[in-house]
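Participant: Provided herewith is a single structure, encoded as C-alpha cells, for subsequent inquiry.
The values are calculated or read from the model by the stated rules, or taken from the named source; none is laboratory data. Being a predicted model, the structure only gives us computed values, none of them experimental. Please note: Cβ atoms are built from the backbone with ideal geometry, for glycine as well, and neighbour counts cover all protein chains shown. These accessible areas exclude ligands, DNA and RNA; they are computed on the full protein's heavy atoms, side chains included. Shrake-Rupley method; radii C 1.70, N 1.55, O 1.52, S 1.80 Å.
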Amino acid sequence: MGQIGERIREFHQLVPAGVEIVAVSKFHPASMIMEAYDAEQRSFGESRVQEFVLKYEELPKDIKWHFIGHLQTNKVKQVIGKTFLIESVDSLKLLEIINRESEKANVVTKVLLQAHVASEETKFGFFPQELLEIIRQGSLENFHSVEICGLMGMATNTDDIQHIRRDFSTLHNLFDDIKKQNLPVLKNFEYLSMGMSGDWPIAVEEGSNIVRIGSAIFGDRVYT
Ligand SMILES: *Cc1c(COP(=O)(O)O)cnc(C)c1O
C-alpha cells in the first residue's frame, strides 16, 4: 500500500468512531483519490466546481462528495445531484438557489450552513447572531428541497491553541443553540463539521463529528 493509503489507515485509527473523515482532495489528481479509495476511503471534499465535476464524472459513483468551497450561485446547477453534502452554504441567497435547482432536478440536497467565527475577515459564512436571527424569523421554513443537516466552520488560522479551542467551542455552542429550537425544518440537524489537518484533534475534543483532512493525507497542494 502506498503512502496515501497508509495515511488513510492511520487516520481511521486515530479519529474516534462516530467522527466522519472527509479526505479533502482539492487540487490533487484523480489518481491520488483512487489510492485513498483503494484504502476504503469513500468521503472526499472538493472546493472548486469545475474540478469537482470532472472528478465526479471520472471516479466511482459510490464516492460521497462533500462540496466545501465557496459556491457561486451561477454554478449551483452544475453540482446538484452530485453531492452527498454541500458543506459551505454561506448565504440565504445561495440556499434559495440550491433549493430552486434541487426542486427542478427533483432531488433533495443535503447542506450544512457555514458559520463564521474565525478572526480573519476572509472566511465566508454566516455570523452566529445573523444565523440565529434568520432561524428565529422562520426564513428557513420554505425550503423543501434542501435538508439542513448541520453546521460547518473553521477556526482562526493561528498557533494560539486556546484561540482555536475558543472558536470551535463557539461553533459547538451555536450548533446546540440552533438544535434546541427543535424546528421541523431542522429535524436532521446533526452534523458539526470542524477541524482540518492542523487542528482536528482540538475540534474533535470540542464536539466535531466531521473532520476535513487535506494536506495530512495527500501532502501539500500545488495551487494553480
Ligand atoms: C482545504 C480545506 C480543508 C483541508 O485543509 P487541510 O489543512 O489541507 O487539511 C478543510 N476545509 C476546508 C473548508 C478547506 O477549504
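Participant: Report the percentage of all Cα-Cα pairs in the stretch 93-185 whose separation exceeds 20 Å, rounded to a whole percent. Before the final figure, lay out the partial values.
Facilitator: Numbers: 1747 of 4278 pairs.
Across the stretch 93-185, Cα pairs with separations above 20 Å total 41 percent.
Participant: For the stretch 1-153, build the charge dipole from Cβ charges (+1 Lys, Arg; -1 Asp, Glu) around the Cα centre, then report which of Ala30, Leu151, Ala105 sits farthest towards its positive end.
Facilitator: Checking the options against the dipole of the stretch 1-153, the answer is Ala105.
Participant: Tell me, what is the per residue accessible area of the stretch 1-109 in Å², probe radius 1.4 Å? Can you show the working numbers first?
Facilitator: Numbers: 5250 Å² over 109 residues.
Heavy-atom accessible area per residue stands at 48 Å².
Participant: Now a separate question. As a test of understanding, state the convex hull volume per residue of the stretch 67-224 from its alpha carbons, in Å³.
Facilitator: 120 Å³
Participant: Moving on. Output the Kirkwood hydrodynamic radius of the stretch 91-132, Cα pairs only, in Å rounded to one decimal. Please list the in-between numbers first.
Facilitator: Numbers: mean 1/r = 0.0856 Å⁻¹.
This gives a value of 11.7 Å.
Participant: Expected output is a single nm value to one decimal: the length gained when fully extending between Ala105 and Ala30, i.e. 0.36 nm times separation in residues minus the C-alpha distance. What is it?
Facilitator: Values: separation 75, 0.36 × 75 = 27.00 nm, distance 2.69 nm.
Full extension of this stretch gives 24.3 nm more.
Participant: Semi-axes, largest first, in whole Å: what does sqrt of 5 times each Cα gyration tensor eigenvalue give for the stretch 22-84? Intermediate values should be presented prior to the final figure.
Facilitator: On the way: eigenvalues 76, 24, 20 Å².
Ellipsoid semi-axes (Å, largest first): 19, 11, 10.
Participant: Can you order the peptides 101-112, 85-96 by their average number of other Cβ atoms within 10 Å per residue, highest first? Walk me through the intermediate numbers first.
Facilitator: Details: 101-112: 18.0, 85-96: 20.5.
In descending order of packing, they fall as 85-96, 101-112.
Participant: Still on this model: Which of the pairs Lys64/Lys179; Lys55/Lys77; Lys75/Lys187; Lys26/Lys64; Lys26/Lys75 have their Cα atoms more than 20 Å apart in this structure? Can you show the working numbers first?
Facilitator: Numbers: Lys64/Lys179 25 Å; Lys55/Lys77 16 Å; Lys75/Lys187 28 Å; Lys26/Lys64 14 Å; Lys26/Lys75 17 Å.
From the list (Lys64/Lys179; Lys55/Lys77; Lys75/Lys187; Lys26/Lys64; Lys26/Lys75), the Cα-Cα distance tops 20 Å for Lys64/Lys179; Lys75/Lys187.
Participant: On to the next question. Percent of accessible area on the stretch 1-151 owned by carbon and sulfur, 1.4 Å probe? Before the final figure, lay out each step's value.
Facilitator: On the way: 3460 of 7230 Å².
The computed percentage sits at 48.
Participant: Now for a different question. In debye, nearest 20, what is the charge dipole magnitude of the stretch 30-133 about its Cα centre with +1 on Lys and Arg Cβ and -1 on Asp and Glu Cβ, if you could check?
Facilitator: Working: 13 positive and 17 negative charges, 77 e Å.
Dipole size: approximately 360 debye.
Participant: Quick check on packing: order 177-190, 124-137, 58-71, 198-211 by the mean number of other C-beta atoms within 10 Å, highest mean leading.
Facilitator: Numbers: 177-190: 13.8, 124-137: 15.5, 58-71: 17.4, 198-211: 20.1.
Listed from highest to lowest mean packing, they are 198-211, 58-71, 124-137, 177-190.
Participant: While we're here: Rounded to whole Å, give me the distance from the Cα center of the stretch 95-158 to that of the stretch 169-188.
Facilitator: 12 Å
Participant: What residues from the stretch 1-19 fall in the zone where the backbone N is under 15 Å from a label point 7 Å along the Cα-to-C-beta line of Leu54?
Facilitator: none
Participant: Might you report the magnitude of the Cβ-based charge dipole of the chain about its Cα centre, with Lys and Arg at +1 and Asp and Glu at -1, to the nearest 20 debye?
Facilitator: Magnitude of the dipole: close to 580 debye.
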